[in-house]
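Below is one structure, written out as structure tokens, with a few remarks after it.
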Protein chains: 2
Amino acid sequence: MPTGRRPRVTHSLENVVEASIALLDEDGEGALTFRALAARLGGGVGSIYWYVSSKDELLDRATDEVMGRVLAGTDDLVDDSDPIGTLRAVSLAMFDEMVRRPWLGSFLMRNTGVQTNSIRLFERLGQQVMRLDLSPQQRFHAVSSIVSYVVGVAVDMAQPPPKEFFESGLEPAEFLKAYADGWRAYDADEFPFLHQIADEFERHDDADVFRSGLDMLLQGLRVQAGA
Amino acid sequence: MPTGRRPRVTHSLENVVEASIALLDEDGEGALTFRALAARLGGGVGSIYWYVSSKDELLDRATDEVMGRVLAGTDDLVDDSDPIGTLRAVSLAMFDEMVRRPWLGSFLMRNTGVQTNSIRLFERLGQQVMRLDLSPQQRFHAVSSIVSYVVGVAVDMAQPPPKEFFESGLEPAEFLKAYADGWRAYDADEFPFLHQIADEFERHDDADVFRSGLDMLLQGLRVQAGA
DNA sequence: CGAACTATAGAACACTGTTCGAGAAAGAGC
DNA sequence: GCTCTTTCTCGAACAGTGTTCTATAGTTCG
């Protein structure tokens, strides 16, 4: 029984990581500060350092936690009879999670010492590539490239729309149009590609773009494996 | 003639951007602070805000400046008779610059409103893709994917080696080995891929990996274009 | 009960980007 | 020569950050 004063709060690593993820989900990367986190946990700033030795470690732990969920969620996507199909399915699952949590991309693959689940995902992709007729070096290159591509798209999506978006309260579609109009403002003779592409960009879907590039990559892999 | 007191310094946007790039080159992203920048310019902190309205803009300007140099440096790489070869050459030039300046990757493609040269590079890639037999949508997807891949690799390389590297003063090669040993410490049955790959990783060259993935991507593009 | 350990709390520190206002330098008009 | 205006410099001050430190509350265990 507390002796009258406000009772002290008690934390745990799970609590801390969970609250961190919640803050990141709600308001993005900038919302995760030790003070905001402490307030959410109902305690003091210093306490967090009992469980985590720096903000970097906190971010790594949060990232690793959601990567763990991705890993678990892709368990039944593994189909050993179709390695490339599995590569595709797992990559798409990662993409989905990145759509759900745009902050993920910024921290992915930062400190593989702590982010064990990222390594597990790396391994999962690798095991599929092992079923293809490739040299170890080719396998290493293939998985590295897929990861780089996924991370690249992730970074793209991690960028919040400029603040003008929030200020002028435009719909996402309208904002896309405004962006495309920015391209159309360039000189048509000097920038033919920008003009040809503006329409596509205006009605594009991130998932389509992602899938398209992924399929190019996998097609290249297929050719390399001599299928 | 100054009246005895220390004479005032005079700046320019070029000066400011130049000094920023120098700081970034010398000690990385963390070294660029307004105070360090002011000290280097021999003036006060406030003056910088006359030329630039925020640190984000400063970073955008610095990034755009070096992208401009990449753009200029790739002028003579353009070979209209070999679109895919040109895509490859331009991408490799970007990779080279990212090796030289690891901080580049972190800021690439952040604010296309300010980073005009990034758009020009986008256009340069696009014009090559326009020579292939593809739909506008396919072209848009192709260039976006290449850029995502390049940025993904850039981000990989932007990560400074953990501080243990500086502390223990290891050679780069030894550090790579230490990293590979970390992989070998995982259970061999559960992580067959990690083990098969450890040797490759230990003696890998970033440029090889980059080229390999790029070629996969371009091979996929070639197939799509029905060549 | 008392000692040892685990864990919490919040003030204090060093550092960041940014704002602000005072004022110096340089022209423009007369 | 003198003003008035504009352009630009400067550094103190502010709000916010991650991190460190120390006091101390709660718990465990002998």
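The values are calculated or read from the model by the stated rules, or taken from the named source; none is laboratory data. These figures come from a predicted structure and were not determined experimentally. Quick reminder, even Gly has a Cβ in these numbers, built from the backbone with ideal geometry, and neighbours come from all protein chains shown. For accessibility, only protein heavy atoms count, side chains too; no ligands or nucleic acids. Shrake-Rupley method; radii C 1.70, N 1.55, O 1.52, S 1.80 Å.
The mean count of C-beta atoms from other chains within 10 Å of the C-beta of residues in B:154-161, rounded to a whole number, is 3.
Remark on the stretch A:130-151: accessible area falls by at least 10 square angstrom from chain-alone to full-complex state for A:Met130, A:Pro136, A:Gln137, A:Arg139, A:Phe140, A:His141, A:Ala142, A:Ser144, A:Ser145, A:Ser148, A:Tyr149, A:Val151, probe 1.4 angstrom.
Across the identical copies, the 7 Å label point of B:Phe34, projected outward along Cα→Cβ, sits 2.3 nm from its counterparts, in ascending order. Of the accessible area of chain A, computed with a 1.4 Å probe over protein heavy atoms only, carbon and sulfur atoms account for 50 percent. Taking 10 Å² as the minimum loss, tell me which residues in the stretch A:164-184 lose that much accessible area going from the chain by itself to the full protein complex (1.4 Å probe). Those residues are A:Tyr179, A:Trp183. Shown for the stretch B:1-114 is the translational diffusion coefficient from the Stokes-Einstein equation, using the Kirkwood radius over Cα pairs, a temperature of 20 °C and a viscosity of 1.002 mPa s: 135 µm²/s. Put simply, the C-alpha atoms of the stretch B:60-111 give a gyration tensor, and the ellipsoid matching it has half-axes of 22, 11, 9 Å, longest first.
So between B:Asp189 and B:Arg131, what do we pick up on full extension, going 0.36 nm a residue minus the alpha carbon distance?
Once the chain is fully extended between B:Asp189 and B:Arg131, it gains 16.0 nm.
Computed about its Cα centre, the charge dipole of chain B is approximately 1300 debye, with only Lys, Arg, Asp and Glu carrying charge at their Cβ.
According to the calculation over all Cα-Cα pairs in the protein assembly as shown, the P(r) per 10 Å bin from zero is 4, 18, 28, 27, 16, 6, 2, 0, 0 %. Once the 1.4 Å probe is applied to the protein heavy atoms, the stretch A:53-224 comes out at 43 Å² accessible per residue. Rg of the Cα atoms in the stretch B:1-52, relative to 2.2 N^0.38 Å, amounts to 1.22. Expressed in Å, the radius of gyration and Dmax of the Cα atoms of the stretch B:93-227 are 18.5, 54.
Taking beta carbons within 10 Å but only from partner chains, what does the mean come to for residues A:188-198?
5
Ordering A:Val153, A:Leu218, A:Thr74 by the projection of their Cα atoms onto the charge dipole of chain A, which places +1 on the Cβ of Lys and Arg and -1 on the Cβ of Asp and Glu, puts A:Thr74 at the extreme positive end. Mean per-residue shielding of peptide B:99-108 is 1, counting Cβ atoms of other chains within 10 Å of each Cβ.
In this assembly, the B-A interface accounts for approximately 4800 Å² of buried accessible surface in total, computed with a 1.4 Å probe and without ligands, DNA or RNA.
Filter the GluC sites (Glu not before Pro) in the stretch A:134-198 down to the DSSP loop ones having no more than 13 other Cβ atoms within 10 Å, then list what survives. Before the final figure, lay out the partial values.
Values: sites: A:Glu164, A:Glu167, A:Glu174, A:Glu190; in loops: A:Glu190.
Passing sites in the stretch A:134-198 are A:Glu190.
Kirkwood's formula applied to the C-alpha pairs of chain B gives a hydrodynamic radius of 20.4 angstrom. The label point for A:Val45 and the one for A:Ala173, both projected 7 Å from the Cα toward the Cβ, are 4.6 nm apart. Helices of chain A meeting both criteria, an alpha-carbon length of 15 angstrom or more along the long axis and an average Kyte-Doolittle score not below 0.0, with helices taken as full DSSP H segments, are A:13-27, A:83-100, A:136-158, A:206-224.
Taking the helices alone, the protein assembly as shown has a mean residue ellipticity at 222 nm of -22000 deg cm²/dmol, built from -39,500 (n - 2.57) per DSSP H run of at least 4 residues and averaged over all its residues. Among the lysines of the protein assembly as shown, pairs that are 8 or more positions apart or on different chains and have alpha carbons within less than 18 Å of each other number 4.
Take A:Glu97, B:Glu202 and sort them by solvent-accessible surface of the protein heavy atoms, 1.4 Å probe, largest at the top.
B:Glu202, A:Glu97
Based on Cα contacts under 8 Å between residues 6+ apart, chain A shows a relative contact order of 18 percent.
If you average 1/r over all unlike Cα pairs in the stretch B:159-227 and invert the result, what Kirkwood radius do you get in angstrom?
14.4
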